[in-house]
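The values are calculated or read from the model by the stated rules, or taken from the named source; none is laboratory data. In this text, all values refer to a predicted model and were calculated from it rather than measured experimentally. A quick note on method: Cβ atoms are made from the backbone with ideal geometry, for glycine too, and the neighbour counts reach across all protein chains shown. Side chains are part of the model used for accessible areas, which takes the heavy atoms of the whole protein and leaves out ligands, DNA and RNA. Shrake-Rupley method; radii C 1.70, N 1.55, O 1.52, S 1.80 Å.
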Amino acid sequence: MKNIKPSLEKIVPEFGSSMYYETFSKDNKNKAPIWHYHPEIEIVYVNGGTGKRQIGSHMSYYRNGALMLIGSNLPHCGFTDRMTGNSSETIIQMLPDFLGRTFFDIPEMSTIGRLLEQAKKGIVFHGDTKRRIGAQIESLQNLESFEKLIGILQVLREMERTDDYTILNAEGFIVETALQDNNRINLIFNFVQQEFVRPIPLEEIADKVSMSVPGFCRYFKKITGKTFTQFVNEYRLVHAAKLLHEKQTSITDICYESGFSNFSHFNKLFKQFSGKTPSMYRNELKYTVS
């Protein structure tokens, strides 16, 4: 088993700018989707396509693109791969204090400051709001640094004004942790990402992070708000949703490809997770707009 190192991503803004802005396309793909974290706040807009959304301990499958606001040091995966089918992916990253430590405390900016505080749990935007703000984000690509900065503030203002969003880790994900905790949780997440298709004994994952099984279980529940078994099963279910959309293989095969060993158990968990059986989910995919 190869050692999986957590990834602290170092982000370098473009010359003459305090933030990082990049658009990825079919000819300029984003990097491999590994779990990582960074002190920068991140805005991600995926224009069209389908894929996994993994932010903190939240996991879901998106369709028709995605718009997300991710707070400082919140672990997350890449959102696109060769199967996503998106037109483009735009990423904006900036430190929380990129305009000064108290900028978002002034009265005119305080509502955006509260938005950025909520973003520590991850925020996803929906429907027409997602597409409208996404178009604003894409329009910034070729602007000079000053105009781009003003445009990003306008994007944050639009995000703050809408009610068409969901906080992803509302039940809890402790993100204001020591660097050691960030490294440990990312090691766990990356290990699950690589090994989810097989049983992962608690003894094995606890040993990976040099903890006793009871200590690991308490730690993981405290950080993520979920048990380790629940987290692994949700990862498998999101992977199953992805396969149901992308592959025409049998649902039984998808069950086993997603790491489940019992088909009836898989059916039950999938319905609890998505509100639909796997067959209903597959049949309704082409009619659903999110």
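Give me the percent of Cα-Cα pairs in segment 205-290 that sit more than 23 Å apart, rounded to a whole number.
Here the long-distance tail beyond 23 Å is 35 percent of all Cα pairs in segment 205-290.
Roughly how tilted is helix 127-138, in degrees to the nearest 10 and between 0 and 90, from the longest Cα axis of the chain?
For helix 127-138, the angle is close to 50 degrees.
Just the accessible area per residue of the chain, please: how many Å² with a 1.4 Å probe?
Solvent-accessible surface per residue comes out at 48 Å².
Ignoring ligands, DNA and RNA, how do 242, 268, 276, 221 rank by accessible area with a 1.4 Å probe, largest first?
From most exposed to least exposed: 268, 221, 276, 242.
About its Cα centre, what dipole magnitude does segment 63-119 give when the only charges are +1 on Lys and Arg Cβ and -1 on Asp and Glu Cβ, stated in debye to the nearest 20? Kindly include the intermediate steps, with their values, before the conclusion.
Numbers: 4 positive and 6 negative charges, 41 e Å.
The calculation lands at about 200 debye.
Any chance you could give the angle, 0 to 90 degrees and rounded to 10, that helix 213-224 forms with the longest Cα principal axis of the chain?
Approximately 40 degrees, to the nearest 10.
Mind ranking 163, 105 by accessible surface for me, highest first, 1.4 Å probe?
Putting 163, 105 in descending order of accessible area: 163, 105.
Mind checking the angle between helix 145-161 and the chain's longest principal axis? C-alpha axes, 0 to 90 degrees, to the nearest 10.
Between helix and principal axis, roughly 60 degrees.
Counting each DSSP H run of 4 or more residues in the chain as -39500 (n - 2.57), what helix-only mean residue ellipticity at 222 nm follows after dividing by all residues, to the nearest 500 deg cm²/dmol?
So the helix-based figure for the chain works out to -12500 deg cm²/dmol.
Probe 1.4 Å, all protein chains in place: accessible area of residue 95 in Å², nearest 10?
So the heavy atoms of residue 95 present about 70 Å² to solvent.
Counting pairs of Cα atoms in segment 226-270, how many percent are more than 16 Å apart? All intermediate terms of the calculation are to be shown ahead of the outcome.
Values: 290 of 990 pairs.
Cα-Cα pairs of segment 226-270 separated by over 16 Å account for 29 percent.
Place a +1 charge on the Cβ of each Lys and Arg in the chain and a -1 charge on the Cβ of each Asp and Glu, then give the dipole magnitude about the Cα centre in debye, rounded to the nearest 20.
About 1020 debye.
Residue 166: accessible area at probe 1.4 Å, nearest 10 Å²?
Approximately 60 Å² of residue 166 is accessible to the 1.4 Å probe.
For segment 163-283, build the charge dipole from Cβ charges (+1 Lys, Arg; -1 Asp, Glu) around the Cα centre, then report which of 264, 206, 235 sits farthest towards its positive end.
Of the options given, the answer is 264.
If you place +1 on the Cβ of every Lys and Arg, -1 on the Cβ of every Asp and Glu, and leave all else neutral, what size is the dipole of segment 213-290 about its Cα centre, to the nearest 20 Debye?
The dipole of segment 213-290 has a size of about 320 debye.
If the viscosity is 1.002 mPa s and the temperature 20 °C, what Stokes-Einstein diffusion coefficient in µm²/s follows for the chain when Rh is the Kirkwood radius over Cα pairs?
Result for D is 107 µm²/s.
How would 89, 144, 22 rank on accessible area, largest to smallest, probe 1.4 Å?
144, 22, 89
In the chain, what percent of the accessible surface is made up of carbon and sulfur (1.4 Å probe, ligands and nucleic acids excluded)? If you can, show how the numbers build up before the last one.
Working: 7300 of 14030 Å².
Carbon with sulfur: 52 percent of the solvent-accessible area.
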